[in-house]
1. List every residue pair whose Cβ atoms sit under 6 Å apart, with the two residues 6 or more apart in sequence or on different chains, where the first one lies in region 21-38 and is more than 7 Å from ligand 2 (Cβ to nearest atom) and the second, anywhere, is open to solvent by less than 10 Å² (accessible area, probe 1.4 Å) and hydroxyl-bearing (Ser, Thr, Tyr).
2. Hey, can you tell me all the residues within region 1-40 that are within 15 Å of the chain's Cα centre (by Cα) and within 15 Å of ligand 1 (Cβ to nearest atom)?
3. Can you tell me which residue in region 76-114 is nearest to VAL25 (Cα to Cα), limited to those that are in a helix (DSSP H, G or I) and within 16 Å of ligand 1 (Cβ to nearest atom)?
4. Of all residues in region 20-57, which are open to solvent by 40 Å² or more (accessible area, probe 1.4 Å) and either among the charged types (D, E, K, R) or in contact with a helix residue (DSSP H, G or I) (Cβ under 9 Å, 6 or more places away or on another chain) (or both)?
5. Those residues that are among the hydroxyl-bearing types (Ser, Thr, Tyr) and either closer than 18 Å to CYS33 by Cβ or open to solvent by less than 60 Å² (accessible area, probe 1.4 Å) (or both), I need them from region 112-148; list them, please.
6. With respect to LYS156, is the statement that it is out of contact with any His (no Cβ under 6 Å at 6 or more places or on another chain), modelled with pLDDT of 95 or more and exposed (fewer than 15 other Cβ atoms within 10 Å of the Cβ) true?
Amino acid sequence: MREAFEGKCTCGFVRYRMASRPLFVNCCHCTWCQRETGSAFAINAMIEADRVEVIAGEPVRIDTPSNSGKGQKITRCPKCHVALWSNYAGAGDAVRFVRVGTLEEPGRMPPDIHIFISTKQPWVVLPPGTPAMEEYYDRKKYWPKESLERREAMIK
Ligand SMILES: [Zn+2]
Ligand SMILES: [Zn+2]
């Protein structure tokens with residue numbers, strides 16, 4: 001049986017379910033993520049859009065600037081405005097970057113990689129054994145084979 005993961009916004013109006021494990025989990029230490037979260041980093045689980053099902057409420061998509069300059073669309077609860085996932089220009093609508101902290105059990109999705117550690121807060125100590133990149137990374141080098149195949153299937 002496939003694993004499923006449920007999440008929600010803070011007020012509980014919007015609830016969603018991820019129908020499988022994500023493709024990959026990025027922990028991003030860039031200054032944009034720091035500002036958007038009000039924290040030291042963002043944890044984003046990348047997953048095919050059609051594997052994320054809204055099971056309650058109706059989220060809204062807000063056009064938001066992004067580090068790349070190409071913008072992102074952030075999906076938020078229309079009531080409490082908490083961000084649930086982003087779509088970036090690169091992968092477009094096909095891939096959602098789900099905010100792992102909105103899952104019921106965020107501990108089930110630890111980061112597969114740390115990125116933009118050139119702007120990491122100095123007090124954040126990275127765990128040994130998880131790849132850490134100064135900026136972005138080459139997907140082909142770090143994603144598991146199965147995730148690369150899922151991505152191939154998606155963009156066909
Ligand atoms: Zn809400
Ligand atoms: Zn970032």
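The values are calculated or read from the model by the stated rules, or taken from the named source; none is laboratory data. Everything numeric in this text was worked out from a predicted model, so none of it was measured. Every residue, glycine as well, gets a Cβ built from its backbone with ideal geometry; the counts of neighbours run over all protein chains shown. Calculation scope for accessible area: heavy atoms of the full protein, side chains included, ligands and nucleic acids excluded. Shrake-Rupley method; radii C 1.70, N 1.55, O 1.52, S 1.80 Å.
1. LEU23/SER147; PHE24/SER147
2. The answer is GLU6, GLY7, LYS8, CYS9, TYR16.
3. From region 76-114, those in a helix (DSSP H, G or I) are 92-94, 100-102, 106-108; that's our starting set.
Retained after the next criterion (residues that are within 16 Å of ligand 1 (Cβ to nearest atom)): 101-102.
On the way: GLY101: 12, THR102: 14 Å.
For region 76-114, the residue satisfying everything is GLY101.
4. ARG21, THR31, ARG35, GLU36, THR37, SER39, PHE41, ILE43, ASP50, ARG51, GLU53
5. We begin by selecting, within region 112-148, every residue among the hydroxyl-bearing types (Ser, Thr, Tyr); these are 118-119, 130, 136-137, 142, 147.
Within region 112-148, SER118, THR119, THR130, TYR136, TYR137, SER147 meet the criteria.
6. Values: out of contact with any His (no Cβ under 6 Å at 6 or more places or on another chain): yes; modelled with pLDDT of 95 or more: no; exposed (fewer than 15 other Cβ atoms within 10 Å of the Cβ): yes.
No.
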